[in-house]
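Chemist: Below: one structure in structure tokens.
Laboratory data are not the source of any read-out in this text; all were calculated from the coordinates shown. It should be emphasised that the depicted structure is a prediction, and the values quoted were computed from it without experimental measurement. Positions of Cβ are backbone-derived with ideal geometry, glycine not excepted, and every protein chain shown enters the neighbour counts.
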Amino acid sequence: MNPFLSTEGFSRLLGLAGILTSALAATGSAEAGPRPCRIEVVEKGSGWPVPMVELRTLHQVRLVSDNAGLIALDLPELMGRETWFEVIGHGYEVPKDGFGYRGVRLTPAPGKTLKVTVQRVIIAKRLGRLTGAGRFAEAEKLGEAAGEDNLGILGCDSVQNAVHRGRLFWAWGDTTLSRYPLGIFDMTSATTSLRPLASFEPPLRLKFDYFTDAKGAPRGVARMPGSGPTWVSGYTSLPDKTGTPRLVGTYVKIKPPLEGYEWGLCVWDEAKQEFLRHKVIWTKSESGSERPPIPDGHPVFWKDAAGKEWVLFGNPLPFLRCPATFEAWEDPAAWEPLTPQATLVSAADRKPVKPHSGSVAWNAWRKRWVTVFMEAFGKPSAFGEVWYAEADSPLGPWGKAVKILSHENYTFYNPRIHPELTPEDSPILLFEGTHSKEFADRPPPTPRYDYNQILYRLDLDDPGLKSAQGAFNVQEGQAVK
């Protein structure tokens, strides 16, 4: 005991210490400050966490749920005060009030848990963000998730996938890094196991094994000669004449604004773990010659009625085919152009729907070919409306199209179906696409999610898809029973 402190003074000191201990327990340590208010965003009915739902305050602070559907609110000016939050969910919403506003009133408090329940108004179900940093950032702030090391990758453009030598290969276009405004412009790449997802429900967790440089930093894997970015598509694995699988792709060199000035073929070098230029197919010249059909887009394998196997290239619908061998792929004389269906018919109103980008896949559960595609100049978002359709053949005709995903003035382009991620007999179809402010009407970019890949789930037994599950005679414009 301090010899200069009386017994009464010592008792008062103990009392103050007890009060301080209780206060710190309620609000966190003195150094850490008050704990955030925990807000969980869940889907009505299922109770699933919903990623990428934005709560926007009246003073324009934007809070966005992470892959766990969580928001860590730490705004001191709102603690203990009833607050209006506008809800922006791109397919998930709350009812309008009497004045037409969609939002919720919450009273945040340190350490308190609040819940926002949203109604899904789209057919597809959002599982979460695949790429970029901070996929569980809000959960980390709340002490509910361990940190993820994404190697400084903040954003990744459109995806390409191929099953090659027992692994699932992933490649993305331009990649944003944390260290500088200029990132990687010659394809970032990674691999995973063939079935990397343990569950098809949120929260979404998928770990990539990135190709890195000597310092452990992510690197480009398609450094083709010439100025400007290199993009690779038509990404697939084909056997050569010895039976050896070869990972191949079609590259394009880009100059401003977004013009491809050289197209060619590239092949994966297993030792160097990168693509090397294999053959130049076309170079832009002053003569103005048009680029010939080339095996780009998203490839799929298909056997015709005679049992011959082909690889089809499309974006979304097949526009070129060649025999499914390396030697045929590298020989332009073996390529056969196809004429894809120009428009599909909306199941809702029989109006034409013009596909812009997307992919096709065989679906064993439906026993039909399916496509997921972005509509060109759709509404309400010019490049944010996504549709689903079926066909007996990948070459068409394609049946009635059903809108499965819509955005509020935002772009969702290059959707890619992932048949390899689910069991063959599963009624679950997974697809991803690029969530981007580009090509929309100057929306504020969604924090962390902008310019990244978002994964969606489509339940093929959903009643909303029933109108897509009949064939359609495109020429006569009549349903075929």
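Chemist: Can you compute 3J(HN,Hα) from phi for each residue in region 395-411, using the Karplus curve 6.51 cos²θ - 1.76 cosθ + 1.60 with θ = phi - 60°, rounded to whole Hz and x for Gly and Pro?
Modeler: Computed from phi, the couplings for region 395-411 are 8, x, x, 8, x, 5, 9, 10, 6, 10, 8, 9, 10, 9, 6, 8, 9 Hz.
Chemist: If r is the Cβ-Cβ distance from T283 to R223 and R0 is 22 Å, what FRET efficiency results, to the nearest 0.05?
Modeler: It comes to 0.75.
Chemist: Taking the Cα-to-Cβ direction at E270 and at R167 and moving 7 Å from each Cα, how far apart do the two end points lie in nm?
Modeler: In this crude label model, E270 to R167 measures out at 1.2 nm.
Chemist: Consider just the alpha-carbon atoms of region 37-120 and return their Rg together with their Dmax, both in angstrom.
Modeler: Final numbers for Rg and Dmax: 11.9, 33 Å.
Chemist: Between T113 and S193, what is the label-to-label distance in nm when each label sits 7 Å out along the Cα-to-Cβ direction?
Modeler: It works out to 3.0 nm between the two label points.
Chemist: Each residue of region 311-318 in turn: what ³J(HN,Hα) in whole Hz from Karplus with 6.51, -1.76, 1.60 and θ = phi - 60°, glycine and Pro shown as x?
Modeler: 10, 9, 10, x, 7, x, 7, x
Chemist: Related question: Give the order of H407, H356, H59 when sorted by the count of other beta carbons within 10 angstrom, beginning with the fewest.
Modeler: Fewest-to-most ranking of H407, H356, H59: H59, H356, H407.
Chemist: Another question about this same structure. Please rank T250, T339, fewest neighbouring Cβ atoms within 10 Å first, as an exposure proxy.
Modeler: Ordered from fewest to most neighbouring Cβ atoms within 10 Å, T250, T339 come out as T339, T250.
Chemist: Given the DSSP H assignment, sum -39500 (n - 2.57) over each helix run of at least 4 residues in the chain and divide by its residue total; what's the result at 222 nm in deg cm²/dmol, nearest 500?
Modeler: It lands at -2000 deg cm²/dmol.
Chemist: Kirkwood Rh, region 116-229, all Cα pairs: how many Å?
Modeler: That comes to 16.0 Å for region 116-229.
Chemist: Spelling out what I want: for every residue of region 245-258, take phi, set θ = phi - 60°, compute 6.51 cos²θ - 1.76 cosθ + 1.60 (Karplus), and round to whole Hz; glycine and proline get x.
Modeler: For region 245-258, the Karplus-derived couplings read x, 10, 7, 10, x, 10, 10, 9, 8, 10, 10, x, x, 8 Hz, x marking Gly and Pro.
Chemist: Another question, then. What's the percent breakdown of Cα-Cα distances in region 42-201 across 5 Å bins, shortest bin first?
Modeler: 2, 8, 13, 17, 17, 16, 12, 8, 5, 2, 1, 0
Chemist: Hey, another quick one. Could you calculate the contour length gain from A342 to F301, that is, 0.36 nm times the residue separation minus the distance between their Cα atoms, to one decimal place in nm?
Modeler: Length gained between A342 and F301: 12.6 nm.
Chemist: In region 37-120, if the dipole is taken from +1 on Lys/Arg beta carbons and -1 on Asp/Glu beta carbons about the Cα centre, which of G47, N67, V87 is farthest to the positive end?
Modeler: Result: G47, furthest along the dipole toward the positive end.
Chemist: To the nearest 10 degrees, how steep is helix 7-27 against the longest Cα principal axis of the chain, on a 0 to 90 scale?
Modeler: 20 degrees
Chemist: A further question follows. What FRET efficiency do you get for E408 and D74 if R0 is 41 Å and r is their Cβ-Cβ distance, rounded to the nearest 0.05?
Modeler: 0.95
Chemist: At q = 0.07, 0.10, 0.13, 0.14 Å⁻¹, what log₁₀ I(q)/I(0) does the chain have when each alpha carbon counts as one equal point scatterer in the Debye sum?
Modeler: -0.43, -0.80, -1.27, -1.43
Chemist: A further question on this structure: Ratio of alpha-carbon Rg to the 2.2 N^0.38 Å globular estimate for region 341-481, to two decimals, please.
Modeler: 1.03
Chemist: Mind listing the long-range amide H neighbours of N452? Cut-off is under 5 Å, sequence gap 5 or more, other chains count too, H placed in the peptide plane at 1.01 Å from N.
Modeler: Here C156, H435 satisfy the definition.
Chemist: For K272, go through the lysines and keep the ones whose alpha-carbon is under 29 Å away, minus same-chain ones fewer than eight residues off.
Modeler: Of all the lysines, those that pass the test against K272 - Cα under 29 Å, at least 8 places apart if same chain - are K207, K215, K241, K253, K255.
Chemist: Give me W172, W369, W335 ranked fewest to most by other Cβ atoms within 10 Å of their Cβ, as a rough exposure proxy.
Modeler: Result, fewest neighbours first: W335, W369, W172.
Chemist: Residues of region 148-174 with backbone nitrogen within less than 15 Å of a virtual label 7 Å along the Cα-to-Cβ line of D213, please, listed as ranges.
Modeler: 151-153
Chemist: Any of K44/K351; K308/K367; K308/K354 with alpha carbons more than 21 Å apart? Name them for me.
Modeler: In this structure, K44/K351; K308/K354 lie more than 21 Å apart at Cα.
Chemist: Can I ask one more? Calculated FRET efficiency, Y180 and E290, Cβ-Cβ r, R0 35 Å, to nearest 0.05?
Modeler: Efficiency for this residue pair is about 0.40.
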